[in-house]
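Okay, so here's the structure we're looking at.
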Amino acid sequence: MKTILITGGAGFIGSHVIRRMVTNHPDTRVLNLDQLTYAGNLENLKDIENASNYQFVRGNICDTAFLERLFRDNEIDGVIHLAAESHVDRSIADPMAFINTNIVGTVNLLNACREAWKDPGTKLFYHISTDEVYGSLGKDGLFTEETAYDPRSPYSASKASSDHLVRAYHHTYGMPVVISNCSNNYGPMQFPEKLIPLAIHNILNMKSIPIYGKGENVRDWLYVEDHASAIELIFSKGVHGRTYNIGGLNEWTNIDLIKLLCQIMDEKLGRVPGTSEKLITFVKDRAGHDLRYAIDSTRIEEELNWKPSLTFEQGLARTVEWYLSNKAWMENVTSGAYQSYYRTQYEER
């Protein structure tokens, strides 16, 4: 039985990847490594926590001694690296946390693999990254795998650095690697510091929906299950040394997205049309706010035959249905000290 280590597996994207790998690959042992910081939630994995090929391990990728023991005690055949600090506003307030986790933590993992993998040709280190490393687009054009890096925030700079280090280990040490850069994810079980679940929560509670600036910033939205299917495909069939961009082919301005969400919520909640839209509140724009992100997914479509399965309208309706059916989950993760923060801050991812 092969063993794969998935870091950040209790988080939003990670939990969907864990579930997919555990369910679709019963002959593979899946280790879920997560520190369980504020965005990590084992409730996301209740349905598979007793699976015979699944094991949770609590730990920190910044702890080198812990990683050495983990790799010594387990014959790990592959790593899918999702663990990261990912909130731009938090990176502006505390950049060192992002440098430590996203850069130092990634190097620690690479070193652990390099030490443990005496025959690296049979292994794989898969690093999950973001489209934010490419910077900001104007009104035209798309990010491709050849787009020059131009990060604009401490978060995106930390992810760009980790991307470069993964490639450096490939070229310098022969580490078998793949990298993917994805657009904005959305869907069930996303922590409500992100735009869509925050808006859903605030609409439910008739609280204001904060929108940065004039809401004109454009993002490409990718349903999380489609992203998980792409990750599974790249891990299984991706060409070593390659980078794959994963996009949802769904460009929306923030204000148009929120207006659509308000319409869906009014319909689902039986409210008078326009009720939720009145909650929209424009707030001071974020420092260095990138205007537009958009992904060209041609490579993964042509090489690995992947395409998103849902339109944004379909995915958003499915997302709303999940949150309305899981209000207890939302209340659990929004209780406590974080409550005052998430009401006024959000992340477009």
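Quick note: the coordinates plus some simple rules give every number you see, no bench work behind them. Note that the structure is a prediction, hence the values are computed from the model and not measured. All Cβ positions, even for glycine, are placed from backbone atoms using ideal geometry, and neighbour counts span all protein chains on display.
Some observations on this one:
- Distance between the stretch 177-201 and the stretch 202-241 - C-alpha centres, whole angstrom: 4 Å
- Backbone amide hydrogens, once placed in the peptide plane, bring Ile246 within less than 5 Å of Asn181, Cys182, Ser183, excluding anything fewer than 5 places away on its chain.
- Among Ile99, Ile300, the ranking by other beta carbons within 10 Å of each residue's beta carbon, starting with the fewest, stands as Ile99, Ile300.
- A helix-only calculation puts the chain at -11500 deg cm²/dmol for mean residue ellipticity at 222 nm, using -39500 (n - 2.57) for each DSSP H run of at least four residues, averaged over all residues.
- The stretch 64-182 shape via C-alpha gyration tensor axes, a/c threshold 1.5: oblate
- Nearest 10 degrees, 0 to 90: helix 64-73 Cα axis against the chain principal axis: 60 degrees
- The stretch 1-126: C-alpha gyration tensor shape, a/c 1.5 cut-off, then a/b vs b/c: oblate
- Among Leu110, Leu222, a tally of other beta-carbon atoms within 10 Å of each Cβ gives an order, fewest to most, of Leu110, Leu222.
- Gyration tensor verdict on the stretch 294-338 (Cα atoms; rounded if a/c is under 1.5, prolate if a/b is larger than b/c, oblate otherwise): prolate
- Proxy reagent accessibility, fewest Cβ within 10 Å first, across Thr172, Thr130: Thr172, Thr130
- Where only alpha carbons of the chain are counted, the Rg and the Dmax (Å): 19.6, 64
- Unsatisfied cross-links (Cα-Cα over 24 Å) in the set Lys2/Lys118; Lys194/Lys327; Lys2/Lys194; Lys268/Lys307; Lys118/Lys237: Lys2/Lys194; Lys268/Lys307
- DSSP beta bridge pairing in the chain, given as percent antiparallel to the nearest 5: 5 percent
- Phi to ³J(HN,Hα) by Karplus 6.51 cos²θ - 1.76 cosθ + 1.60 over the stretch 156-162, Hz, x for Gly, Pro: 5, 5, 5, 6, 4, 4, 5
- Integer Hz, Karplus 6.51/-1.76/1.60 couplings in order for the stretch 227-240, x for Gly and Pro: 5, 4, 5, 5, 4, 4, 5, 5, 4, 7, 10, x, 7, 4
- Overall, the stretch 221-301 carries a charge dipole of about 200 debye about its Cα centre when +1 sits on the Cβ of Lys and Arg and -1 on the Cβ of Asp and Glu, all other atoms neutral.
- Residues with amide H under 5 Å from that of Arg29, placed H, sequence gap 5 or more: Lys2, Thr3, Ile4
- Counting only Cβ charges, +1 for Lys and Arg and -1 for Asp and Glu, the dipole size of the chain around its Cα centre is about 500 debye.
- Separation of alpha-carbon centers, the stretch 248-287 and the stretch 1-50, rounded to whole Å: 32 Å
- Residues in the stretch 13-18 carry Karplus couplings, in order, of 5, x, 5, 5, 5, 4 Hz; the curve used is 6.51 cos²θ - 1.76 cosθ + 1.60 with θ = phi - 60°, and Gly or Pro positions show x.
- Ordering Ala93, Cys113, His164 by the projection of their Cα atoms onto the charge dipole of the stretch 52-172, which places +1 on the Cβ of Lys and Arg and -1 on the Cβ of Asp and Glu, puts Cys113 at the extreme positive end.
- Charge dipole (Cα centre; +1 on Lys/Arg Cβ, -1 on Asp/Glu Cβ; no other charges) of the stretch 45-102 amounts to roughly 80 debye.
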